[in-house]
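Participant: My structure is below; once you've seen it, I'll send some questions.
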Amino acid sequence: MPRPDVSPATPAASAEVLRIDALEVGYVVADGVAPAVRGVDLTVRSGELVALAGESGCGKSTIAQSVLRILRPPGVITGGRILLEGEDVLAMSPARLRRVRWARAAIVMQNSLTALDPVHRVGDQIDEVVRAHRRDHGGGRHRTTGELLEMVGIDARRGRDYPHELSGGMRQRAAIAMALALSPSLIVMDEPTTALDVVVQREILAMVTALQHELGFGVLLISHDLPLLTRYADRIAVMKDGLVVEETTPAELAVTGGVDSYTRRLVASVPRPGTWEAA
Amino acid sequence: MTTVDISSPAVAGPVVALTDVTKRYRRGAIAAVSDVDLTVGARRIVALVGESGSGKSTLGRMVVGLLDPTSGDVRVDAEPVVPVKRRRRARPRRAQMVFQDVYGSLNPSQDIGRQIEEAFLSSHPGSSRAAARARAAALLARVGLDPDLYAARRPDDLSGGQRQRVGIARALAGDPSVVIADEPISMLDVSIRRDVLDLLVGLRDDEGVSVLYITHDLLSAGYVADDIVVLFRGMVVEQGPAREVLARPRHPYSRLLAGSSPGLGQEERARVFLEAPRPRTPWNGEGCPFAPRCPFAQELCRTALPPLTVTGRAGDAATAAARCHRLEELDALVATREEEADR
């Protein structure tokens with residue numbers, strides 16, 4: 001499928017921003033640890049949009065939460081390595097982690113209404129990310145909140161609004177603006193457009209890929225929406241039962257329809273006009 | 001798909017008929033639903049497609065009587081719909097609803113067989129418990145759940161897809177002429193969505209039940225529906241046989257919607273609309289609701305509401321129509337704009 005918004009990655013832009021090696025994550029239960037992620041390898045290079053596709057319970061969100069170590073108990077990382085620009089995330093001290101979050105890698109969640117604090121103005125919340133980081137770690141010039149909002153297509157004046165005054169699509173754009181605040185090299189997006197309608201979904205992903213092209217950050221996009229992924233992802237890893245069963249590209253997928261049987265089932269299950277007449 | 005099944009018994013009129021229906025919420029300056037005419041024929045699946053806030057769920061709720069229209073006429077099987085809160089006694093409800101939130105719409109503390117029985121008894125007063133139990137078992141089997149295995153289970157023991165099947169079985173317990181399915185698959189895992197849609201097609205083909213399928217997803221609408229009605233800001237902006245609306249959307253908003261649906265292959269054709277900037281100020285209620293977002297809006301569009309203009313042959317099952325002042329010139333306008341962009 002054509003991706004006219006994105007040009008091929010330049011050689012300089014192909015550095016690995018995220019490398020996941022043999023990652024194992026489980027959830028502590030009464031009699032041990034129930035495995036949720038069972039040895040997953042994955043890389044994201046700068047400027048690249050890598051999709052992790054699969055259904056509920058496959059482990060894809062567990063991976064998203066592991067990358068920034070925001071996984072809550074009873075979740076526990078039991079094996080493997082996560083390298084963020086070459087640095088081992090699992091070996092980071094809590095202080096180091098705080099420094100890295102937002103600045104090197106940021107996360108955008110599905111429900112931005114819970115991610116954004118309802119009692120503070122959207123602009124103030126973005127300010128706070130920058131201010132807190134500067135207070136704790138010093139650091140140079142960052143984009144202003146107004147600039148960030150304009151980058152994601154929101155009128156800077158809307159920064160004075162409270163989250164509930166924005167539409168679902170605008171809230172998600174604001175969450176992306178917040179993620180961009182400290183110019184991270186990786187943004188993890190966990191079902192960022194699932195709750196939105198198709199026109200808004202497309203607008204947001206088109207905007208993300210355009211920003212990637214301009215700024216060079218890599219994206220790990222978690223989603224169950226295969227048609228959307230085939231349009232925007234550079235690579236797609238399909239997960240089932242804690243394993244990546246197939247890693248492919250949209251172009252490959254269009255030709256093969258999936259090599260793995262589960263991938264094939266996912267592709268075939270997309271209701272498309274005319275498919276049931278043909279079946 | 002768009003031909004009428006000649007083996008079906010002759011039906012006098014449409015199963016659902018909305019005439020000039022408007023719904024205003026108390027504080028809304030702009031109507032949630034505005035002067036909508038809509039018919040669902042016997043044995044047809046009509047998809048109501050629109051974004052959040054387009055009024056599609058409000059319309060569905062008025063058809064089952066969960067909401068009262070501010071003005072206009074809502075009929076099911078030619079009978080005016082009595083709002084639920086004004087119903088004095090139980091009687092068969094000819095329109096039944098299947099909800100998006102399968103978790104919230106089933107009683108968690110009661111087994112599913114019992115819930116279907118209750119639905120049957122409330123619409124068949126005077127029936128025996130044994131008859132209800134037999135009917136519930138048949139309905140579970142109908143939606144693909146073995147009654148011996150599932151009737152005694154509670155909703156918590158079921159997957160999302162199974163719960164949605166129970167929701168459909170419960171809707172069928174009232175012997176409806178039409179099922180209103182409001183985003184029935186948007187909370188389900190992808191690999192089971194198609195099964196639930198196939199079940200809706202089965203209702204039409206085997207049970208002769210009509211379906212009003214409410215969705216924001218044009219792809220799935222194209223999969224199940226005979227006719228598609230596109231809503232924008234509470235108004236019908238386009239309608240017609242599904243095949244026609246998908247292959248050749250006429251209204252600028254339908255073109256935007258089709259271009260935004262990966263898999264329809266309409267992205268290139270819709271480029272002009274996809275790249276148009278979002279308006280900075282919302283629609284003020286004057287003129288065409290899409291004008292603030294339309295790259296081809298002119299003075300007339302901002303001041304006068306365009307009429308719903310017939311675009312297909314009159315007398316079609318669902319007369320193709322669209323609501324745009326510049327309908328005739330639109331293809332030429334798009335072509336010119338694209339040439340300019342390429343130059």
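The values are calculated or read from the model by the stated rules, or taken from the named source; none is laboratory data. These numbers were taken from a predicted model, which means no experiment stands behind them. Glycine gets a Cβ as well: all are built from the backbone with ideal geometry, and neighbour counts include every protein chain shown. To get the accessible areas, we keep the full protein, side chains included, count just its heavy atoms, and leave off ligands, DNA and RNA. Shrake-Rupley method; radii C 1.70, N 1.55, O 1.52, S 1.80 Å.
Participant: Quickly run through segment A:229-279 and pick out the residues that are more than 25 Å from residue A:218 (Cα to Cα), among the aromatic types (Phe, Trp, Tyr) and at pLDDT 90 or above.
Facilitator: A:262
Participant: Looking only at segment B:317-343, filter to residues that are under 27 Å from the mean Cα position of the chain (by Cα) and over 18 Å from residue B:305 (Cβ atoms); which one of those is modelled with the highest pLDDT?
Facilitator: That would be B:320.
Participant: Quickly run through segment B:254-281 and pick out the residues that are assigned to a loop (DSSP other than H, G, I, E, B), open to solvent by 10 Å² or more (accessible area, probe 1.4 Å) and at the interface with chain A (Cβ under 10 Å from one of its Cβ atoms).
Facilitator: Within segment B:254-281, B:262, B:263, B:264, B:265, B:267, B:268, B:275, B:277, B:278, B:280, B:281 qualify.
Participant: For segment B:154-179, how many residues meet the condition of being open to solvent by less than 10 Å² (accessible area, probe 1.4 Å) and touching a Gly at 6+ places or on another chain (Cβ under 9 Å)?
Facilitator: Qualifying residue count for the region: 0.
Participant: Do any helices (runs of 4 or more DSSP H) entirely within segment A:150-264 hold 3 or more residues that are open to solvent by 10 Å² or more (accessible area, probe 1.4 Å), outside the structural domain of residue A:66 (by TED's automatic domain parsing) and touching a residue at least 40 places away in the same chain (Cβ under 8 Å), and if so, which?
Facilitator: A:168-180
Participant: Any residue at all in segment A:263-274 that is more than 22 Å from residue A:83 (Cα to Cα) and in contact with a His (Cβ under 9 Å, 6 or more places away or on another chain)?
Facilitator: Scanning segment A:263-274 turns up at least one residue that is more than 22 Å from residue A:83 (Cα to Cα) and in contact with a His (Cβ under 9 Å, 6 or more places away or on another chain).
Participant: State yes or no: is residue B:197 closer than 15 Å to residue B:211 by Cβ and within 12 Å of another protein chain (Cβ to nearest Cβ)?
Facilitator: Here the answer is yes, as residue B:197 does meet what is asked.
Participant: So if I check each of B:204, B:233, which one is on the phi > 0 side of the Ramachandran plot and either touching a strand residue (DSSP E or B) at 6+ places or on another chain (Cβ under 9 Å) or modelled with pLDDT of 95 or more (or both)?
Facilitator: Exactly one of B:204, B:233 is on the phi > 0 side of the Ramachandran plot and either touching a strand residue (DSSP E or B) at 6+ places or on another chain (Cβ under 9 Å) or modelled with pLDDT of 95 or more (or both), namely B:233.
Participant: Something else about it: Look at residue A:142 and say whether it is over 14 Å from the mean Cα position of the chain (by Cα) and not in a helix (DSSP H, G or I).
Facilitator: So residue A:142 fits the description; yes.
To keep it simple, each residue is scored yes or no on (1) surrounded by 24 or more Cβ atoms within 10 Å (Cβ to Cβ); (2) farther than 17 Å from residue B:186 by Cα; (3) in contact (Cβ under 8 Å) with a residue 24 or more places away in the chain.
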residue	(1), (2), (3)
B:218	yes, no, yes
B:225	yes, no, yes
B:244	no, yes, yes
B:252	yes, yes, yes
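Participant: Name the residue, out of B:250, B:243, B:204, that is at the interface with chain A (Cβ under 8 Å from one of its Cβ atoms), among the basic types (Lys, Arg) and over 22 Å from residue A:201 (Cβ atoms).
Facilitator: Exactly one residue qualifies, and that residue is B:243.
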